[in-house]
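Notes to accompany the following structure.
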Amino acid sequence: MSNKKIYLFIDDSRVSRMKIRQVVQQNHPEWELHEAAGGKEAHALTLTIKPDLISIDINMPEMSGLEAIAGLRQNCPSAQIVLLSGNIQDDMRAQAAQLAVGFVEKPITAAAMAQVMAYME
Amino acid sequence: MINLSEDQSDALVEIFNISIGRAASALSRIVGEKIVLAVPSLQFMQANEAAERLGLNTQRICGVTQEFSGPFSTEAILMFPEDRSLEIVRMMLGESYSMDELSELEQEAMSEIGNILLNACIGSIANLISSRFDSTMPEVRLGNGDDLLRVSVRSADDTVLLIFIDFNIAARTIQGYMAFLMDVPSINGLIESVDRFIAAPSA
């Protein structure tokens, strides 16, 4: 069975997307990586690609990560979805649990990304 | 004039101590260095006095501001000396980027650092007082302390509570500051939250 996974990461911060790409490429060079700067862009992207893993920031302009989840789930019903955010409020963790998505705390470090990638293992 | 009881003042410092500790832990993970924290200071003052009182008018500052609203509202500001921000960005992104690339990414990187640290701090406060806050997107501002603090309040005559803390990236002697500005209605909301924190049974 192939270990190749398709991973879509959504974050309005270009620097965060660079960090995510850097860590994941080091750990899983075989994975196919896609990125989006917001929920709308991600929604359009998931009409053509079907990621196995999606991580999404919460606090983004136009559409929050929480708002984007329903559309992503509709387009990618089998994807594991993880909120990757600096918004560490218990209320956000509770909403993540309610939506049955994972939650990993920023900043983006090798350890944080290991938690995200563990949703695929 | 707003007076806090000894218990309220103590609880307020404790809440910010815990929360800024959380932010410092996030900063430590971003830059890969130990962070040394001072004890927060709480001062009521007029908005136009704040920068002068803090001695921030003599240097150029790179500030990241974000407004939070919940049981109380505050404008939170993370500040670093502008001439050290590139060094912080290099610590965040690693050595593989050229100076040109780092300069191009500097503002976005500082914005993300501010977003993570300010949310770590306010998020921790929200959890301590069993409440929630909404926030605006982070905004990077450059200028001296007065420029940064003055634009954050509606009127220079407003009474503001300035909760101020400085922290050091120890190995680099880089000093940063966090300030939380509140007007009188927000201060009252904060005091109510502090009273609930004092009255809440320990979990």
Taking R0 as 25 Å and r as the Cβ-Cβ distance between A:SER78 and A:LEU33, the FRET efficiency 1/(1 + (r/R0)^6), rounded to the nearest 0.05, comes to 0.85
Of all DSSP beta bridges having both residues in the protein assembly as shown, the percent classed as antiparallel (nearest 5) is 70 percent
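Please find the FRET efficiency linking A:ASP90 to B:GLN8, where r is the Cβ-Cβ separation and R0 is fixed at 22 Å, and quote it to the nearest 0.05. Could you put the intermediate results ahead of the total?
Values: r = 24 Å, r/R0 = 1.07.
The calculated FRET efficiency here is 0.40.
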Length-normalised contact order for segment B:6-199 - Cα pairs under 8 Å, 6+ apart - percent: 36 percent
Where a ≥ b ≥ c are the square roots of the eigenvalues of the C-alpha gyration tensor, would you call segment A:6-118 rounded, which needs a/c under 1.5, or, failing that, prolate if a/b is larger than b/c, or oblate? rounded
Which of the aspartates and glutamates could a cross-linker span from A:LYS4 if the Cα-Cα distance has to be under 19 Å and same-chain partners fewer than 8 positions apart are dropped? A:GLU30, A:GLU32, A:GLU35, A:ASP52, A:GLU121
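Which order, highest average first, do B:180-186, B:161-167, B:75-81, B:89-95 follow once you tally other Cβ atoms within 10 Å for each residue and take the mean per peptide? Walk me through the numbers before you get to the answer.
On the way: B:180-186: 19.3, B:161-167: 21.0, B:75-81: 22.7, B:89-95: 16.1.
Those peptides, ordered most packed to least, come out B:75-81, B:161-167, B:180-186, B:89-95.
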Please work out the Cα center distance from segment A:66-121 to segment B:116-140, rounded to the nearest Å. 18 Å
Among B:191-201, B:119-129, the order from most to least packed when residues are scored by Cβ within 10 Å on average: B:119-129, B:191-201
Chain B, Cα convex hull volume normalised per residue, Å³: 114 Å³
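Of B:ILE88, A:ILE10, B:ILE187, how do they rank once you tally other Cβ atoms within 10 Å and put the fewest first? Working shown, then result.
Details: B:ILE88 24, A:ILE10 29, B:ILE187 18.
Ordered by Cβ neighbours within 10 Å, fewest first: B:ILE187, B:ILE88, A:ILE10.
Remind me, relative contact order of chain A in percent, using alpha carbon pairs under 8 angstrom and six or more residues apart? Let's see the in-between values first.
Values: 190 pairs, mean separation 30.0, N = 121.
It rounds to 25 percent for chain A.
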Just to confirm my numbers, what's the Cα centroid distance between segment B:177-201 and segment B:18-78 in Å? 16 Å
Pairs A:LYS40/B:LYS34; A:LYS40/A:LYS106; A:LYS19/A:LYS50; A:LYS50/A:LYS106: which are spaced more than 30 Å apart, C-alpha to C-alpha? A:LYS40/B:LYS34
Give the residue from B:GLY94, B:LEU149, B:GLN107 lying farthest towards the positive end of the charge dipole for the protein assembly as shown; charges sit on Cβ (+1 for Lys and Arg, -1 for Asp and Glu) and the dipole is referred to the Cα centre. B:GLY94
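Computed from the coordinates by the stated procedures, all read-outs in this text should not be read as laboratory data. All values reported here derive from a predicted model rather than from experimental measurement. All Cβ positions, even for glycine, are placed from backbone atoms using ideal geometry, and neighbour counts span all protein chains on display.
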